[in-house]
Amino acid sequence: MIAANQARAPTPRGRPGQPKPRVDRDARAQAVLDAAVMVFAEKGLNAATMQDIADRVCMAKILIYRLYPSRQALIDALFSDILTAIETIAAEPWGGYGSGMAALIELGRARPALFLLLLREARGGPETLPWATACDALLSGLTEPFVAAPGIERNDGMTDAARIKWFGDMVRAWRMATREALGLPDAPEPAVLASRPPRGS
């Protein structure tokens, strides 16, 4: 009889019959980032609020602030994520002409919302200015050979004429390749440039 009564006894308060499942903090943080990307993409970085993100991820706003103490911290986490991925691509060994572009396209297609957020919103205000600067630094590295200090100091082995021809050849090749890729008809060289003799000739 006593055993039966004990079996029917309610579980004391504060001592649930089963332990609560442990919250995966990393998974929750990633869910917030995923929701933030979509909300920022839809409403714009400046217009979207933390409440919008909380509504999208179905989470109390206070829980989001425990993961990301401020809106700036959330934005920093987003842009740090994508720029780290780009830096990883930039640091990879050269894999042939176009390999870096192929890797960037693959990254952009895999994470289009976040990639487009960086391209479209990074210059939207003071919250994102550091990330715009970091993105510009990555891209400017591509043009550094054209304006590097050794060229100005004339100790890289090229004459000014050779350097200008090198750059001009690449621009011409880029224009031709672009027209070919887009199916555009061939275009003549600009009349003024085509008729101008190279300096030193």
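Laid out as a table, the results:
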item: Meets criteria (surrounded by 15 or more Cβ atoms within 10 Å (Cβ to Cβ) and closer than 22 Å to Ala54 by Cα) for Leu74; result: yes
item: Any hit, region 114-136, residues being aromatic (Phe, Trp, Tyr) and under 27 Å from Asp26 (Cα atoms); result: yes
item: Enumeration of residues in region 88-112 that are more than 26 Å from Val39 (Cα to Cα) and β-branched (Val, Ile, Thr); result: Thr88, Ile89
item: Among the residues listed as Phe115, Phe79, the single one being touching a Gly at 6+ places or on another chain (Cβ under 8 Å) and either modelled with pLDDT of 80 or more or closer than 22 Å to Val39 by Cα (or both); result: Phe115
item: Pairs, first free of Cβ contacts under 8 Å to residues at least 12 places away in the same chain in region 71-94, second outside any loop (DSSP other than H, G, I, E, B) and basic (Lys, Arg), C-beta under 7 Å, six or more apart; result: none
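The values are calculated or read from the model by the stated rules, or taken from the named source; none is laboratory data. In this text, all values refer to a predicted model and were calculated from it rather than measured experimentally. Cβ: placed from backbone, ideal geometry, glycine included. Neighbour counts: every protein chain shown.
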